[in-house]
Amino acid sequence: MGIDAITAKIVEDAIEYANDLISETKLEADSILEAAKLEADDIRERSRIRGAKDATVLRHRKHSAAELEARKVRLAFKQLMVTNAMEAAVEELAGMDSPEYISFLTKKIAETGVVEGKLLLNAKDRKSIGKKLVSEANKALKGGKITLSDQTIDAKGGFVLSCGSVEINSTLEVMVGLIKEKVTPKVVEVLFTD
């Protein structure tokens, strides 16, 4: 499975996950909007009693504040959904089967251009795929001298490649974070187009 297929699968799974979250939160959002409408009606009635001029000014202020608050709530919700989609993408990558995951990481190691250094993985990956990944990476680098570090990293997956005083951080979180800005408009379009 190529990176495009993986990315497509991640986006598909993230969209499905986000759609489920949207369904759950729409009921809550409707309730909040209904309460806001009731409060706005009450405010309008009191303002009318105080006088036409005061009512107009107050209604305008409250309406603007309500619109601003509604925009803030919608923006916060969208940001949460995008964050959840990105977290789901990291989980999807971390959950790949071993051969596919090793192939993915081998390609990412080769893309660094580093042929000699220490490979740091999280404890789970170090134990389960560490030696095989180093072997495959060295083959892909055609005589590379990558070694498996005794140290581990705190990440859901991916790697840190240390060569001297330079460390290349290719954890899954960093990889997804790097494409977040690029894919966020597409994720938002898919999630929130009516």
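Couple of notes before you dig in:
- Spin-label pair Leu148/Lys107, simplified geometry with 7 Å Cα→Cβ offset, distance in nm: 2.3
- Helix 172-192 vs. the chain, principal-axis angle (Cα, 0 to 90°, nearest 10): 40
- Candidates per trypsin sites (Lys or Arg not before Pro) in region 97-172, loop by DSSP, up to 14 other Cβ within 10 Å: Lys142
- Between Thr184 and Asn19, the distance separating the two model label sites (each 7 Å from Cα on the Cα→Cβ line) works out to 2.4 nm.
- The angle separating the long axis of helix 52-94 from the principal Cα axis of greatest extent in the chain is about 20 degrees.
- Listed pairs Lys26/Lys78; Lys107/Lys182; Lys37/Lys72; Lys108/Lys145; Lys108/Lys156; Lys9/Lys132 exceeding 18 Å between Cα atoms: Lys107/Lys182; Lys9/Lys132
- Contour excess over end-to-end distance, with Cα ends at Asp41 and Ala76 and 0.36 nm allotted per residue: 10.1 nm
- With a Förster radius of 22 Å applied to the C-beta separation of Ile6 and Glu28, the computed FRET efficiency comes to 0.10.
- The structure shown yields Cα extents along the principal axes in Å, and of the options [x] 85, 33, 25; [y] 93, 42, 30; [z] 55, 46, 31 that calculated value carries the label [x].
- Degrees between helix 3-50 axis and first principal axis of the chain (Cα, 0 to 90, nearest 10): 20
- Between amide H atoms placed 1.01 Å from N, distances below 5 Å from Phe159 occur with Ser170, Thr171, Leu172, all of them 5 or more places distant or on a separate chain.
Bear in mind that the values in this text are calculations on the coordinates, not laboratory data. Computed from a predicted model, the values in this text were never measured in an experiment. Note that we place each Cβ from the backbone using ideal geometry, even for glycine, and neighbour counts take in every protein chain shown.
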